Amino acid sequence: MSKIGVFVCHCGENISATVDCVKVAETAGRYEGVTFSVDYKYMCSDPGQSIIKNAIIEKGLTGVVVASCSPRMHEPTFRKACAEAGLNPYMCEMANLREHCSWVHEKGEATTEKAIDLVRILVEKVKYNQSLNAIKVPVTKTALVIGGGIAGIQASLDIANAGHKVILIEKDPSIGGHMSQLSETFPTLDCSQCILTPRMVEVAQHPNITLYTYAELESLEGFIGNFKAKIRRKSKSLDEKICTGCGLCTTKCPNKKIPSEFNEGLGTRTAIYVPFPQAVPNKPVIDRIHCTYYIKGKCRICEKVCPTQAIRFDQEDQIVETEIGAIVIATGFAVKQTDFFPEYGYGKYPDIITGLQFERLASASGPTLGEIRRPSDGKIPEKIVFLACAGSRDEAKGIPYCSKICCMYIAKHAMLYQHKVHGGKSYVFYMDIRAGGKMYEEFVRRAIEDDGVNYIRGRVSRIYEKNGKLIVKGADTLLGGIPVEIEADMVVLATAGVANEGAEELAQKLHVSYDSYHFFAEAHPKLKPVETNTAGIFLAGACQAPRDIPESVSMASGAAVKVAGLFSQDELTREPLIAVVNRQAAPVYSSCVGCFLCVSACPYQAIEKEEIKNRNGEVIKSIAKVNPGLCQGCGTCVAFCRTKSIDIQGYTHEQMYSEVMALLNEY
Amino acid sequence: MADFEPKIVAFVCNWCTYAGADLTGTSRIKYASNVRIVRFPCTGRIDYMLLMKSFDEGADGIIVSGCHPNDCHYTSGNFHARRRWIMVRSLCDFIGIDIRRIKFSWVSAAEGAKWADIVNTTVSEIRELGPYNDYKKVAKRPLKEVSHG
């Protein structure tokens, strides 16, 4: 006979404002098998948990239903409380009265009725719950960090310094990411490369870090603590062990007109190239799409000039298979290009550039060696216009969110321009100035007050070319929306920060969620910002949402701590919610008839054939058997099984049918 | 049928739609209170006999919802669910269950508003169709006396 306790939480007023919690508890108390029922203001608080624990001990409860928030929030809390009072934690179920009821319906009879139903179905379910024991699995203490920008670098260093092995993969030939492209950083105006490159070198030299550049994740299998990754190391057409990085090949390569990705298309590179002088590793790769030898079958000049014969034209991609215990995704972001803006000339005016291109112009390592010159004719612009929110906060463009970093970098750009072009005039069109952050607002004020940047509140409707000038037409909304027209020499668009191309594909490989903008989704927006919904996979930096450098670094360190915490254990416990094939006494042994449809349905190859032998060792029956180490508990096999011989713990047929029948019989 | 309140059961997966419905809550988006969510680990776990049973037990409509194609937490459970749904759909049609009573959809963990929308549309559509009485007509029995547990 079941002795079930029902614990109804008010969640302050979050539930009780629309649901009559007292009535829910009273009604539940009358159900068959319920021996204790109570409502309380905060079930998750210490006194709340004590109510549950005391009831378990005093009333000898065999099952617990906590009717409160989503189990995704507090299931571990209440299961732990049950365990502490000596009840098996898997004898605890949660009815979701908050997210699925009180928050989404108006106050009234129907809402309370629904709450009662939700409690009832779980009371019926918990009657069929079984005591389960967590499964113990070993932990592979190696982390995989995907993406070698500042977030990936920081996460790698932090994990490596905690004493664990790290594999860092980067799709480009060098680590460094967007931060390596920046000129100066706000709000201190210190040189980006000066603070970044020492860390890049540290990564390359760290004994705990294995760095694979020009590499991407091919596939991932497994689960927390026990992932198996395949990494594709794209062919660099080079033997890295022999190459000394002298760079002779890059100076002799005849194909010199390829737009440089590092310089955002404002400079050129050769087909065999090192993306930038401080690259780590500082060894070239051959870009096979542009290399004359791969296109025409002739050239091989780099091979001839190489003093160490390191060029390998026939080198193939290499697949590295490795076992890892945790993953940090730090793949960063992309920015919209100028061709995204029809109203600003579809990207056909060369002197309308993106913020990232301006960074390259302002950078001492850039194509103009730090002088602000127009891409079209190399003249120094006397009038420059900066446009904030180019694409961002624009529902019509499909980017309703704020890209967050633009207000700050525009102030920086305008400031850098004023410092470099004396007597130049700079204008910023903005919607709002969002400068939340330590010393951020002060930085923007400095641009306006000390450096004389003209801030105009309003949007720009159109930009077109006339007599060699870019005519910027906008409005000043602080002066009642009067039209403003500026004849500019150059325009910088603070284009929206967006998810990387391929983010969706990577999310699918890793089985993590992503939002409608294709940024990776965190497990909880406030309390689990660096975790994903998939255990053992963490997030760092702008792959989760637009982030500035300090935020990316903080997230990376946060993710690293999560990984280090995971690796501090030798064994992990896993939820025992896995499939099992029933076993019965001889001569039946199991209702499984050995059709093995489940084997083909299982996405984890977790189902094997088991042979049942008699005393003489003769096989008398073949049935399916689930490997508990591999089963992830999806239950696909359960729905496949025609003889109902396989069931999933925690979501058994008995439990699910009881839920549905309990619901509809009184609904 | 204006005052008819349909009984709708939703079978959802833990990783996408359950979380999506949580998001509807955290975003405080209001929707019709006629739906009761039953949590499964994955849509691939949903045994379609349970759908038949739900109609037998008196449901007027059913929602089955999981992760979008390719987004399944378990790689392919939602594909199995979809494949099975295509078959069950024709079966239901064949045996005379109005297939408009079963809504099959994808709602991701980020689609709180979509969940509210699906519930509201389903409720108003089922309200139009009226209560599902076919089982009751052929098998007369006092439903409340069915024992369980």
Would a scan of segment B:84-92 turn up a residue that is part of a helix (DSSP H, G or I), crowded, with 22+ Cβ neighbours inside 10 Å and among the charged types (D, E, K, R)?
no
The conditions are (1) out of contact with any helix residue (DSSP H, G or I) (no Cβ under 6 Å at 6 or more places or on another chain); (2) assigned to a helix (DSSP H, G or I); (3) within 14 Å of chain B (Cβ to nearest Cβ), and residue A:598 fails exactly one of them. Which is it?
(1)
Do we have any residue at all in segment A:45-54 that's of a type in the set (S, T, N, Q), outside any helix (DSSP H, G or I) and under 22 Å from residue A:578 (Cα atoms)?
no
Just to verify a result, which residue in segment A:607-636, among those that are part of a loop (DSSP other than H, G, I, E, B) and either charged (D, E, K, R) or closer than 13 Å to residue A:583 by Cα (or both), is farthest from the other protein chains (Cβ to nearest Cβ)?
A:615
Is one or more of the residues making up segment B:84-101 facing another protein chain (nearest Cβ under 10 Å), under 25 Å from residue A:73 (Cα atoms) and not β-branched (Val, Ile, Thr)?
no
Might you check whether a residue that is within 14 Å of chain B (Cβ to nearest Cβ), at negative phi and free of Cβ contacts under 8 Å to residues at least 40 places away in the same chain occurs anywhere in segment A:76-91?
no
Of (1) in contact with an Asp or Glu (Cβ under 8 Å, 6 or more places away or on another chain); (2) in contact (Cβ under 8 Å) with a residue 40 or more places away in the chain, residue A:284 fails just (1)
Do any strands (runs of 3 or more DSSP E) entirely within segment A:465-583 hold 3 or more residues that are out of contact with any helix residue (DSSP H, G or I) (no Cβ under 8 Å at 6 or more places or on another chain), modelled with pLDDT of 95 or more and away from chain B (no Cβ under 14 Å), and if so, which?
A:469-476, A:482-488
Any idea which of B:31, B:18 is more than 12 Å from the chain's Cα centre (by Cα), among the hydroxyl-bearing types (Ser, Thr, Tyr), assigned to a loop (DSSP other than H, G, I, E, B) and within 9 Å of chain A (Cβ to nearest Cβ)?
B:31
Of the conditions (1) of a type in the set (D, E, K, R); (2) within 27 Å of residue A:370 (Cα to Cα); (3) more than 27 Å from the chain's Cα centre (by Cα), the single one that residue A:264 does not satisfy is (3)
Give me the residue from segment A:55-75 that is part of a loop (DSSP other than H, G, I, E, B) and crowded, with 17+ Cβ neighbours inside 10 Å and, out of that set, farthest from the other protein chains (Cβ to nearest Cβ).
A:61
Return the pairs, sorted by first residue and then second, in which the second residue is at pLDDT below 65, the first residue lies in segment B:130-149 and is within 14 Å of chain A (Cβ to nearest Cβ), the beta carbons are less than 9 Å apart, and the residues are 6+ apart or on different chains.
B:131/B:1; B:136/B:143
Taking the stated definitions as given, is residue A:444 aliphatic (A, V, I, L, M), in contact with a helix residue (DSSP H, G or I) (Cβ under 8 Å, 6 or more places away or on another chain) and under 24 Å from residue A:391 (Cβ atoms)?
yes
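The values are calculated or read from the model by the stated rules, or taken from the named source; none is laboratory data. This is a predicted model, so every value here is computed, not measured. In this analysis, Cβ positions are derived from the backbone assuming ideal geometry, glycine residues included, and neighbour counts consider all displayed protein chains.
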